[in-house]
Amino acid sequence: MSVHPTVEAVTRRIRERSADTRRAYLEQVEFHSGRDRGASRLGCANVAHAFAAMPGNDKLRVVAAKSPNIGIVTAYNDMLSAHAPLQHYPDLIKAEARLHGATAQVAGGVPAMCDGVTQGAPGMELSLFSRDVIAMSTAVSLSHDVSDAALMLGVCDKIVPGLLIGALQFGHLPTVFVPAGPMTSGLSNSAKAKVREEAAQGLVGRDKLLDAEMHAYHSEGTCTFYGTANSNQMLLEAMGLHVPGTAFINPGNEMRAELTREATRTVLQKDCPPIGKLIDERVIVNAMVALLATGGSTNHLIHWVAVARAAGIVIDWDDFSALSSVVPLLARVYPNGSADVNQFQAAGGPGYVIRELLDGGFMHADVLAVRAGGIREFTRIPEEREGRLQWQDSGASGDESVLRPHTAPFQATGGLMLLKGNLGRCVIKVSAVPEDRHIIEAPAKVFSSQAALQDAFQNGELDRDVVCVVRWQGPQANGMPELHKLTPPLAVLQNKGFRVALVTDGRMSGASGKVPAAIHVSPEALAGGPLAKVLDGDMIRLDAVAGTLDVLVPADQWQSRPNATPPASELKANGHGWGRELFAGFRRNALSAEEGACTWL
């Protein structure tokens, strides 16, 4: 099947745009690939330090027998459900490596914070920048330079992009990503959302809300909605960086341990390519396509820009927009539908999606992957028979209310859209928004914080058609926190029949919901973006059909209107407490959301 002309054109445009930076990156990969193996290129004292704590037999293997040494980078902690299963993975990996004449060491750990814990709290202002901290931690972990391959253990929102960015600094190493899988289904996402909306109206108390939340988030594994964490796993499958079909196998499943062992076997294969060569512009496009085809997290319009740049590849939101105009929406998973990721997996999961995208010509088939069979291997689903892993074709959709073929998609275009106008450039998760809400025109109500919007809601000030503008929420202002706490009150207003929307230079969760939300507005207000000009009462038109976001003020008046300045109290509060002082340099150096909010370029 030939590649769709638009997909090919976007790929070609990215390749041409990235020619110089990609060439420089690959030169570094080649240089490091040509050196002696890790234990042979270092001085004797260096080697002794690196392997001093190893068991004697392992030390003999890696030093005398010159066997390959795997560096493990782990995001394990037991506070977060998604990463708690990783605790014993290193033991499995080390034991499997020994069976194949190799060794493995935990090269280092990276921090892993949960946006679900920090939503609406000061810690959320560290969240986006934790991605770059994780990238740096990955680089520190691998900087001992004694690894011949790497396994990346991590799952959630900033962790996977951070691990990817860090791993790409060591692009000469074969690298496989090792997930832990989602928790089993508890209280449905739609039922949970209903209780949240009732709580926002004061109809239920804290006891009932807490009971609902505890039944939704109840065991080890990722959350079961299709937010940033689970979008990460879909994208890694589409990039060929997992053992095929690993993403959504539950932690308690008997296959889970064997899939981790298989990751060890895979990274030791001679045909497992260095990650810097594996990830090229075609692989980045494949990830973008998979995101759009599944209605994935809006956060990845920031993260994958940064991931691509780490490999010397330059992408922007115009590329996403062009792809979204032709990539069909194949999945309906909450908040883009009612199913959770376990139902998505049961219906065919990533293997089904990748097969349909390849068969429809929406993904590049001629790419490298961690398996010799290339990306086609990722169209199959693993199963364990008599203690051995086998893979079978994903077959027909197990539930066409969740997954559909490319010939009969839920909609002909992707789940995300770029909006442009006199308020800047931003994105909207249009697939989750009812069609009768794709165009909203209403007066603005301007807020400097999400707390101020919540107060106005509680006071009944928003019971009308309104576009809520929440500014001073960009990377330079306060680290660009998610504003997911705003979803329940805005959903309540929409359910009352009001035409409402959110416009912000901040982020929403990967679970951006049914309320139209124009997010990541760039340039941000603090950097002089036009969002700083908006006044209460200005008419704003959000048009997700035409792809526009405008304030309906005469052009001459708009141009001459001065920018507002953020409240001094807000900026001061954003820089103090909860470790925010330590991130002042990140805020100063952060690029725009469209440039990946990178702090290292």
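Read-outs: derived from the displayed coordinates by stated rules, not from any lab. None of the values given here were measured: they were computed from a predicted structure. Counting neighbours? That spans all protein chains shown, and the Cβs are built from the backbone with ideal geometry, glycine included.
By the compact-protein rule of thumb, 2.2 N^0.38 Å, the alpha-carbon radius of gyration of the stretch 15-151 corresponds to a ratio of 1.28. Placing a label point 7 Å from the Cα of N46 along the Cα-to-Cβ direction, the residues of the stretch 123-157 with a backbone N closer than 19 Å are 139-150.
For the stretch 181-187, 3J(HN,Hα) computed residue by residue from phi via the Karplus equation (6.51, -1.76, 1.60; θ = phi - 60°) reads x, x, 5, 5, 5, x, 4 Hz, glycine and proline entered as x.
Per residue of the chain, the DSSP helices (runs of n ≥ 4 H) give a summed -39500 (n - 2.57) that works out to -11000 deg cm²/dmol at 222 nm. Along the stretch 347-353 the Karplus relation, 6.51 cos²θ - 1.76 cosθ + 1.60 evaluated at θ = phi - 60°, assigns HN-Hα couplings of 7, x, x, x, x, 5, 4 Hz to successive residues, with x for each Gly and Pro.
Distance between the 7 Å Cα→Cβ label points at Q392 and R206: 5.0 nm.
A full extension of the chain between D436 and D543 corresponds to an added length of 37.4 nm, given 0.36 nm per residue minus the alpha carbon distance.
Each residue in I72, I381, I354 was given a count of other beta-carbon atoms within 10 angstrom of its own, and listing them fewest first yields I381, I72, I354.
Relative to the current alpha-carbon distance between K572 and Q269, full extension at 0.36 nm per residue lengthens the span by 103.8 nm.
With R₀ fixed at 22 Å, the C-beta to C-beta distance from A412 to A365 puts the FRET efficiency at about 0.50.
For the stretch 209-255, applying the loop criterion from DSSP together with a ceiling of 11 other beta carbons within 10 Å to the GluC sites (Glu not before Pro) yields E254.
As a rough footprinting exposure proxy, the listed residues T407, T413 were ranked by other beta carbons within 10 Å of their own, and the order from fewest upward is T407, T413.
With the cut-off at 23 Å, tell me which of the pairs K59/K94; K194/K514; K158/K429; K59/K158; K208/K485; K420/K572 have Cα atoms farther apart than that. Intermediate results must be reported in sequence, preceding the final value.
Numbers: K59/K94 13 Å; K194/K514 13 Å; K158/K429 19 Å; K59/K158 35 Å; K208/K485 18 Å; K420/K572 31 Å.
Pairs exceeding 23 Å: K59/K158; K420/K572.
Between M79 and H215, the simple label model (points 7 Å from Cα in the Cβ direction) yields a spacing of 2.8 nm. Extension gain for S560-H88 works out to 163.8 nm (0.36 nm per residue, less the C-alpha to C-alpha distance). The HN-Hα couplings worked out from phi for the stretch 30-35 by the Karplus form 6.51 cos²θ - 1.76 cosθ + 1.60 (θ = phi - 60°) are 4, 4, 6, 5, x, 7 Hz, whole numbers, x standing for Gly and Pro. Ordering T74, T11, T6, T294 from the fewest to the most neighbouring beta carbons within 10 Å gives T6, T11, T74, T294. When both bridge partners sit in the chain, DSSP labels roughly 45% of those beta bridges antiparallel.
Computed from label points 7 Å out along Cα-Cβ, the spacing between N422 and H32 is 4.9 nm. Across the stretch 48-72, no residue has a backbone nitrogen under 11 Å from the label position 7 Å along the beta-carbon direction of S143.
Counted by Cβ distance under 15 Å from V467, the other residues give a net charge of -2, where Lys and Arg count +1 and Asp and Glu count -1.
Amide H to amide H distances under 5 Å link S67 with V62, where only residues 5 or more positions off or on other chains count and H is placed in the peptide plane. Contact order, relative form, for the chain: 14 percent (alpha carbon pairs under 8 Å, 6 or more residues apart, mean separation divided by residue count). Between helix 127-142 and the chain, what is the angle of the helix's C-alpha long axis to the longest principal axis, kept within 0 to 90° and rounded to the nearest 10? Once rounded, the angle reads 10 degrees. Divide the volume of the convex hull around the Cα atoms of the stretch 417-595 by the residue count and you get 113 Å³ per residue.
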